[in-house]
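The values are calculated or read from the model by the stated rules, or taken from the named source; none is laboratory data. None of these values were measured; they are calculated from a predicted model. Note that each Cβ is placed from the backbone with ideal geometry, even for glycine, and that neighbours are counted across all protein chains shown.
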Amino acid sequence: MDEKLTHITDEGRPRMVDVGAKADTQRRAVARCTVRLAPRTFGLLTRGELPKGDAFTVAQVAGIQAAKRTHELIPLCHPLFLRFVDVTFAADAAGHAIHVTGEARTEGKTGVEMEALVAAQVAALAIYDMCKAVQKDIVITDCRLVHKSGGKSGTFEAE
């Protein structure tokens, strides 16, 4: 397979891909990551008893805001008109972990995978920030794209 790198010129310089000729399609991406906590920290977080306050609301807003600014963080990303962004959380009591899901949608010429990934990761970082007063060794793991649809490459579902 001899595929050219789309973000590199023939001279080896980085570039933003020209998507002008591409058709607008409905685009959706979902990303997930996990925040691993000590049992005490997990309890304080899920009971809403952290010294800094409501971590989930702060993290949700942080993730949504980050998705909207992805093009400012990732140099070759296109600025997008996002039609929908959401960040949700699932508590895993047995594993003392929070599973963070970021979702982004638009209608456009390029996908929203990076926006979903940034939303999930920044939300996880906000949880870290809200919990760091009681635990310093929090681990954020397993960030990955779990769903992508729209565009020429079609649908992707992670195993």
Single residue of region 28-48 satisfying the filter (more than 17 Å from His99 (Cβ to Cβ) and charged (D, E, K, R)) that is nearest to the chain's Cα centre (by Cα): Arg28
Qualifying residues in region 89-104 (those that are surrounded by fewer than 18 Cβ atoms within 10 Å (Cβ to Cβ) and either free of Cβ contacts under 8 Å to residues at least 12 places away in the same chain or not aliphatic (A, V, I, L, M) (or both)) - the one farthest from Arg69 (Cα to Cα): Ala94
Within region 105-142, tally of residues that are more than 18 Å from Phe56 (Cα to Cα) and surrounded by 16 or more Cβ atoms within 10 Å (Cβ to Cβ): 10
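One line per residue, one yes/no per condition, for (1) at pLDDT 95 or above; (2) surrounded by fewer than 12 Cβ atoms within 10 Å (Cβ to Cβ); (3) out of contact with any Lys or Arg (no Cβ under 8 Å at 6 or more places or on another chain):
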{"site": "Leu5", "(1), (2), (3)": "no, yes, yes"}
{"site": "Arg27", "(1), (2), (3)": "yes, no, no"}
{"site": "Glu49", "(1), (2), (3)": "yes, yes, yes"}
{"site": "Ile64", "(1), (2), (3)": "yes, no, yes"}
Count of residues meeting criterion [crowded, with 17+ Cβ neighbours inside 10 Å and within 21 Å of Gln65 (Cβ to Cβ)] in region 143-159: 1
Count of region 1-44 residues which are aliphatic (A, V, I, L, M), under 27 Å from Phe81 (Cα atoms) and assigned to a loop (DSSP other than H, G, I, E, B): 6
